[in-house]
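Asks: Take a look at the following structure, please.
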Amino acid sequence: MDVTALTFLALALPFAAALVAPGLTRLLGHNAAWVLAIAPAAIFLHFLRFLPDVASGEIVTGGYTWIPSFNVSFSWLIDGLSLTFMLLISGIGALIVLYSGGYLKGHPQQGRFFAFILMFMGSMQGLVVSDSFLMLFVFWELTSIASFLLIGFDHAREAARRAALQALVVTGGGGLLLLAGLLILWNVSGVTQLSLLLSFGSELKESPFYLAALLLVLGGAFTKSAQFPFHFWLPNAMEAPTPVSAYLHSATMVKAGVYLLMRLNPVLGGTPEWQLLLPLFGVTTLVIGAALAVRQTDMKLMLAYTTVASLGLLVMSIGLGSPHAVEAAALYLVAHALFKGALFMVAGILDHETGSRDFTKLGGLRSAMPLTFAIALAAALSMGGLPPFFGFLAKEELYSAFSASNLRSALFAMLTVLGNALMFAVAFAVALKPFLGPRVNAPKHVHEAPPLLWIGPAVLALKGLSIALFSGLAHRLVSSPTASAIAGEPRTVEISLEPHVGLPLALSALTVALGVAFYLNLARLRAAMVTILADIGWGPDRGFDQFLRGLVRLAVAVTRRLQGGRFDVYMTATFALVAIVLLAIPLLYGEFPRAPFFSADVPVHELAIIAIAVGGLFAVVVASDRLTAIVSLGIQGFAVAVIYLLYGAPDLSFTQFMVETLSVVVLALVMTRLRLSPADHRPLPEKARDATIALACGLGFALFLLRVTAVPFDRSLTDFFNLYSKSVAHGANVVNVIIVDFRGTDTLGEIAVVMITGLAILALVRLRAGSLKRAVVAEADETAVEERA
Amino acid sequence: MKSVIFRTLAPVLTSLMMLFSIFVLLRGHNEPGGGFIGGLIAVSALAIYGMAHGVETVRRAIFFHPMAIAGAGLLAATSAGLIALFAGVPFMTGLWIYPAIFGLEVPLSTVLLFDSGVYLVVVGAISSIALSLEERGGE
């Protein structure tokens, strides 16, 4: 098979695996993880083959046309950036599937969990390799939906449901902003593919729509990547099971916004707006996220807030845009995915084995769980930015970006050092406190985690070490191509573990010193943060609730006003509008018909029929009770049907007969159900008003029909159908042939509507059954019907 | 309804109308008629039977839930359209075969299947409404 087909298969594979996951889990229990992990592992290997080509600067594209008339394709673009993301997603994905096998062992809905997480994996893969805008957007929203399902996995708890909805509203809403942004880019550039867009020079930046496009794209990226003030959904998303937090909400999905910014950096970046907005939001998010992390004692929440901070750091470095900053972003992207994924899984192991995630309630576990301790330590060293770990390289590279001697650079350097020092303290609080000190009695008997649980974090932690040790190879294959893709021009990352005295090292030392100080005073720092937050009182999280409540209140108010629930008001409004449209338009344009021409010799039987119709109408108006009126309405309908028959429309006439019969039956039935008083007791003014509207409608229709029939009849369609009905569609009845053949697709839609209407009315009839006793009867009927069927 | 004449005649009338509705459905391609009209006639037949003998009897007589009939119709109509795709022609293209049944050449087509789908949807949906209204109207 060729590469294109294989790549397409690789992109579709997670969805296929998601389909078989529930069945497989029923069959194999938690060991299904070993089988399901083959899918991401195979994808990882497939994309690994692109590594040499991409490292030498090649860009692999491929795909299929999707909607050619709209210039929309299902096509992918694999350069250094996509490939790095792809390898992270599939590599960590395989480990996460294994970890989920152990973590949710015995959970009754483990199969569903596997299905959701694989579905997410497929969406995320699609997102990072998408070349066409529409495909990018579709996968972007799919990741939001998968995240919704995973956060709300434990749907019996209200907190999980709320967090899921919040994440969906924030990231899904951001996705709509992104769509608008992409549409603007499409309009300005005229291309629908990223690979073509990237070849644009500064034209986009000079376009008058640049700012609008930028703001919309940033709206999408900032919500997805939890930038302040949209960060609140991410800590709440910790309601999800830990594998989800490790995978979606640290390593992959939240990086989608970062990915988008990196991807568009060559065409949108470098402008004053870009260099103002991104670093500003980034550094704010970094400091606030890190400070909020210190406030928590739940290890998952601490890690979640440091993820917010790290995302801020990434956005800031993309925004700074200098060569060192861009390279730092590329390095930190991978480093963060490795250490944060590992730390989340460690927190999950502790939770799983001890029953608590609060680090103040744990202690002395080093002898019981030596392996977990080692993993946690390795990950924390990388997160703290200590040699010889990958995190150190990323941090050094970032600090090199602050070597310019101006106020802006110094300010960013100080804030970054502060944020990093806080993250340092949090990292070691998670990695040391539960393991050191005196043994605290945990809720469960503690022993080392099973292999399914430790394989994932162990591999990630080891990777964090080995990449730093063999940095030359890693830079050549991964870091440099990624940095080149972000920068839009060839870049070579050179940083290594060799000591190089200078400003970056000094800033690193300062970070570590501050971090140690923070770590030692963590309890005091936390108390201070609690006081500060209590003083502020309000936060975006509460703001979100207020926003939703306000929205619901507005919707209720508008609905109450527009739909009071009185049927007669709706009918009056509808018919009044019909009358106005029919009468006002000819009045405005002076398009009244000429006086109709009455032929002198109308045959007697036609006159008789018209007399019957008028008689029927008269009977309707004077009828003393409703039932008589309904039946009299049928008289008029039948008379019209006869007129159709006389003028050569037997099909129409047939239908009219049946429709009249049935509508009389149905109306009569409805009347008996409604239990109205048999006679009509409207007061006179109301009767007069309704009569006026009715007469106006009738007059309007009469004028309209006269005007329409005054236009010469165009026979071209008649001729067409007469000519082809028999010869092409083998039918002599033109009306029927049109319905079932020439315009068959329309009919298909119509009968679908008929069916849905039937369902809706059935539901309404059941709903109105009202009292409990009737509901019980209805239920009994239903079961009786089901039994028969 | 109490009238003995009506109760006695209703089954006969209903079966005649049902037969007629199928006749109208089948002749529809060349003479006035078709699935929609046929369906309406069948619903009227069921309505008459329901008035004479009660909704329960009608439900027993048609065996399936009316909405299931409508669903089957929609499925038939959609598959009539999809068959064309498998034959490599655009969606909804009419396809014809002329098998000889008892020595008589009978033209059959996806168009006929489609029209039967229309018939079933109309019968199912409208009778579902009528029956559920009639059912609780008497309470």
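Coordinate-derived values only; no laboratory data. Predicted, not measured: the structure shown is a model, and the values here were computed from it. Here the Cβ is made from the backbone with ideal geometry for all residues, glycine too, and neighbour counts use every protein chain on show.
Asks: Given R₀ = 30 Å, FRET efficiency for residue A:686-residue A:767 by Cβ-Cβ distance, to 0.05?
Replies: 0.55
Asks: Set the Förster radius R0 to 56 Å, insert the Cβ-Cβ distance between residue A:610 and residue A:195 as r into 1/(1 + (r/R0)^6), and round the FRET efficiency to 0.05.
Replies: So the FRET efficiency works out to roughly 0.20.
Asks: Quick one: what do you get for the protein assembly as shown if you divide its Cα Rg by 2.2 N^0.38 Å?
Replies: Relative to the 2.2 N^0.38 Å estimate, the protein assembly as shown comes out at 1.23.
Asks: While we're looking at this one, here's another question. Where nothing but the Cβ of Lys and Arg (+1) and of Asp and Glu (-1) is charged, how large is the charge dipole of chain A around its Cα centre, in debye to the nearest 20?
Replies: 2240 debye
Asks: FRET efficiency for residue A:571 and residue A:595, Cβ-Cβ distance as r, R0 = 35 Å, nearest 0.05?
Replies: Efficiency, from the Cβ-Cβ distance: 0.60.
Asks: Between residue A:496 and residue A:701, what length comes free when the chain is fully extended (0.36 nm per residue of separation minus the Cα-Cα distance, one decimal in nm)?
Replies: Working it through step by step, the gained length comes to 65.4 nm.
Asks: Another question, if that's okay. Can you tell me the orientation of helix A:38-48 relative to chain A, as the angle in degrees between its alpha-carbon axis and the longest Cα principal axis, to the nearest 10?
Replies: 70 degrees
Asks: Follow-up. Would you calculate the separation in nanometres between label points at residue A:19 and residue A:512, each defined as 7 Å from the Cα along the Cα-to-beta-carbon direction?
Replies: Placing both labels 7 Å beyond Cα along the Cβ direction yields 5.4 nm.
Asks: A follow-up question, please. Test of understanding: what is the full-extension gain from residue A:207 to residue A:358, defined as 0.36 nm times their sequence separation minus their Cα-Cα distance?
Replies: In short, 49.1 nm is gained.
Asks: Where Rh denotes the Kirkwood radius from the mean inverse Cα pair distance, what is Rg over Rh for segment A:575-650?
Replies: 1.09
Asks: Compute the acute angle (0 to 90°) between the alpha-carbon long axis of helix A:3-28 and the principal axis of greatest extent of the alpha-carbon atoms of chain A; round to the nearest 10°.
Replies: The two axes meet at around 90 degrees.
Asks: Per Stokes-Einstein, at 20 °C and 1.002 mPa s, what whole-number D in µm² s⁻¹ belongs to segment A:533-592, with the Kirkwood radius over Cα pairs as the hydrodynamic radius?
Replies: The estimated diffusion coefficient comes to 136 µm²/s.
Asks: To continue, here is another question. Taking a 30 Å limit on the Cα-Cα distance, which of the listed pairs A:255/A:361; A:300/A:463; A:255/A:463; A:105/A:395; A:224/A:361; A:433/A:463 fall beyond it?
Replies: A:255/A:361; A:105/A:395; A:224/A:361
Asks: Tell me, what HN-Hα J-couplings in whole Hz come from the Karplus equation 6.51 cos²θ - 1.76 cosθ + 1.60 at θ = phi - 60° for each residue of segment B:6-17, using x for Gly and Pro?
Replies: For segment B:6-17, the Karplus-derived couplings read 5, 5, 6, 6, 3, x, 4, 4, 4, 5, 4, 5 Hz, x marking Gly and Pro.
Asks: For residue A:529 and residue A:445 in one chain, what is 0.36 nm times their gap in residues minus the Cα-Cα distance, to one decimal in nm?
Replies: 26.9 nm
Asks: Also: Can you compute the helix-only [θ] at 222 nm over chain A? Use -39500 (n - 2.57) per DSSP H run of at least 4 residues, normalise by all residues, nearest 500 deg cm²/dmol.
Replies: Counting only the DSSP helices, I get -24500 deg cm²/dmol.
Asks: List the pair-distance distribution P(r) of segment A:397-525, using every Cα-Cα distance, as the percent of pairs falling in each 5 Å bin from 0 up to the bin containing the longest distance, rounded to whole percents.
Replies: Pairs per bin, as whole percents: 2, 8, 11, 14, 17, 18, 13, 8, 6, 3, 1, 0.
Asks: HN-Hα J couplings of segment A:704-712 from phi, Karplus 6.51/-1.76/1.60, θ = phi - 60°, integer Hz, Gly and Pro as x?
Replies: 4, 5, 4, 5, 5, 6, 6, 6, x
Asks: Right, next: Can you compute the label reach from residue A:581? Point 7 Å from Cα along the Cβ direction, backbone N cut-off under 20 Å, restricted to segment A:656-693.
Replies: In segment A:656-693, the label zone of residue A:581 (backbone N under 20 Å from the point 7 Å along Cα→Cβ) covers A:692-693.
Asks: Percent of Cα-Cα pairs per 10 Å bin, from 0 to the last occupied bin, for chain B, please list those.
Replies: Histogram of Cα-Cα distances, whole percents per bin: 13, 34, 30, 16, 6, 1.
Asks: Now for a different question. So, in nm, how far is label residue A:70 from label residue A:557 when the simple model puts each one 7 Å beyond its Cα toward the Cβ?
Replies: Output for this residue pair reads 3.6 nm.
Asks: What angle do you read, to the nearest 10 degrees and between 0 and 90, between the alpha-carbon axis of helix A:133-151 and the longest principal axis of chain A?
Replies: Once rounded, the angle reads 80 degrees.
Asks: While we're here: Using modelled amide H (1.01 Å from N, peptide plane; none on Pro or chain starts), what sits under 5 Å from the amide H of residue A:75, excluding residues fewer than 5 places away?
Replies: A:64, A:131, A:132
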